[in-house]
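The values are calculated or read from the model by the stated rules, or taken from the named source; none is laboratory data. Every value quoted in this text rests on a predicted model; they were computed, and no experiment measured them. No Cβ is skipped: glycine too gets one built from the backbone with ideal geometry, and neighbour counts run over all protein chains shown. Heavy atoms of the whole protein, side chains included, go into the accessibility calculation; ligands, DNA and RNA do not. Shrake-Rupley method; radii C 1.70, N 1.55, O 1.52, S 1.80 Å.
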Amino acid sequence: MRARAPASAANLGPGFDSLAVALRLHVEVEVTPAPSLTIRVEGEGDDLPVDGSHLAARVAVAAAGTDRLAVTVRSSIPVGRGLGSSAALAVAAAAAAGSDDPMAAGMAVDGHAENAAASVLGGLVGATIVQGRPVAVPLPFDPALTFVVLVPARPIATARARQALPAQVAHADAAFNLGRMGLLVAGLGDHRLLVRHATDDRLHQAARQSLFPEATHLMAGLLEAGAAAACWSGAGPSVLGICTSDTAPRVRAAGEQLLAVTTVGGRALLLEADREGLVVQDARPPV
């Protein structure tokens, strides 16, 4: 079997561990029977060890109930950049190995549900965990919106980004995020309602600032260039400019300059939301 899953941008500012949108970058995993476990990786992540410790191998073996598999991974999702690469890979590997619940496989890897939900359902999703299981719903997303994604050359380990978070937050900060999240969901459903303060956050972005101090300058530059709103993508270090289709090319050009001027290095990508989500195909040739 062959399965393809999209990248995702989670949190989107105030929606910590609860909002994500699928993006048109993909990972494809093919799983076929084999005398013993083999794994091959092409594209992003091809520098990782190709043995039984690889995430795709571990997920496929668990889903199939056997290690007599050949696993091939082809990915265009940058690793360690806050674009849901692990969740997308787990979702695709589980589906290609025959799992009937690939979203749960993605959730198990992340410990939260929104990245996996976006990779499975596509589009904008709200997601959470109820009694140990992922529960997700699609949310309205205005097709006039698109994303400029600044992907820095250096990664941030997700575990390190989690460790930077405070153990407790103030009631006022939680209420602040809930209010902004309402504005954000409305604005993503209708771009005419989107305001830049909709992506304000007090739960995670400031706490992670020391891991990527250039983020504030990059987001401010995206807003100045015409983005309607800006935020971290997941745990970073990638940052998003949420744009309309007519402003996005200008914002992307500005993003490329920002990366160069700040000497961060990396890429400025113009990405639409992926509305397909997980796609599974039979990889066997027709008889």
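Considering the range 160-183 alone, what residues qualify as being assigned to a helix (DSSP H, G or I), within 14 Å of A207 (Cα to Cα) and open to solvent by 60 Å² or more (accessible area, probe 1.4 Å)?
Scanning the range 160-183 gives R160, R162, Q163.
List every residue pair whose Cβ atoms lie under 8 Å apart, where the two residues are 6 or more positions apart in sequence or sit on different chains, the first residue falls within the range 126-140 and is at negative phi, and the second residue, located anywhere, is exposed (fewer than 15 other Cβ atoms within 10 Å of the Cβ) and of a type in the set (D, E, K, R).
That search, which allows pairs on different chains as well, returns P140/D190.
Filter the range 184-237 down to the residues that are open to solvent by 10 Å² or more (accessible area, probe 1.4 Å) and hydroxyl-bearing (S, T, Y), then identify the one that is modelled with the highest pLDDT.
Selected residue: T216.
Being in contact (Cβ under 8 Å) with a residue 12 or more places away in the chain and among the basic types (K, R) narrows it down to one residue among R192, R202; which is it?
Details: R192 fails: in contact (Cβ under 8 Å) with a residue 12 or more places away in the chain.
Every option except R202 fails the conditions.
Here is a yes/no grid of residues against (1) under 13 Å from A20 (Cα atoms); (2) charged (D, E, K, R); (3) not in a loop (DSSP other than H, G, I, E, B):
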| residue | (1), (2), (3) |
| --- | --- |
| T66 | no, no, no |
| A87 | yes, no, yes |
| A93 | no, no, yes |
| A104 | no, no, yes |
| H112 | yes, no, no |
| A117 | yes, no, yes |
| V120 | yes, no, yes |
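Looking at A127, A117, which one is crowded, with 24+ Cβ neighbours inside 10 Å, within 11 Å of the chain's Cα centre (by Cα) and under 25 Å from P237 (Cβ atoms)?
On the way: A127 fails: within 11 Å of the chain's Cα centre (by Cα).
So the residue among A127, A117 that is crowded, with 24+ Cβ neighbours inside 10 Å, within 11 Å of the chain's Cα centre (by Cα) and under 25 Å from P237 (Cβ atoms) is A117.
How many residues are assigned to a loop (DSSP other than H, G, I, E, B) and open to solvent by 60 Å² or more (accessible area, probe 1.4 Å) when one looks only at the range 130-139?
Residues of the range 130-139 assigned to a loop (DSSP other than H, G, I, E, B): 131-132.
Still in the list and also open to solvent by 60 Å² or more (accessible area, probe 1.4 Å): 131.
Matching residues across the range 130-139 total 1.
Here's the yes/no breakdown for (1) farther than 30 Å from A174 by Cβ; (2) open to solvent by 20 Å² or more (accessible area, probe 1.4 Å); (3) small (G, A, S):
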site	(1), (2), (3)
F16	no, yes, no
L19	no, no, no
V27	yes, no, no
L48	yes, yes, no
A70	yes, yes, yes
L83	no, no, no
A88	no, no, yes
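Does at least one position in the range 220-231 carry a residue that is among the aliphatic types (A, V, I, L, M), within 28 Å of A254 (Cα to Cα), assigned to a loop (DSSP other than H, G, I, E, B) and within 21 Å of the chain's Cα centre (by Cα)?
Checked the range 220-231: at least one residue is among the aliphatic types (A, V, I, L, M), within 28 Å of A254 (Cα to Cα), assigned to a loop (DSSP other than H, G, I, E, B) and within 21 Å of the chain's Cα centre (by Cα).
P35: free of Cβ contacts under 8 Å to residues at least 12 places away in the same chain and surrounded by fewer than 24 Cβ atoms within 10 Å (Cβ to Cβ), yes or no? Give the steps one after another, and end with the answer.
Working: free of Cβ contacts under 8 Å to residues at least 12 places away in the same chain: no; surrounded by fewer than 24 Cβ atoms within 10 Å (Cβ to Cβ): yes.
Criteria not met by P35.
May I ask you to say which residue of V50, V41 is farther than 18 Å from Q281 by Cβ and in a strand (DSSP E or B)?
Of the residues listed, the single one that is farther than 18 Å from Q281 by Cβ and in a strand (DSSP E or B) is V41.
Which residue, of D46, D51, D101, is closer than 18 Å to I156 by Cα and more than 12 Å from the chain's Cα centre (by Cα)?
On the way: D51 fails: closer than 18 Å to I156 by Cα; D101 fails: closer than 18 Å to I156 by Cα.
Just one listed residue meets the conditions, D46.
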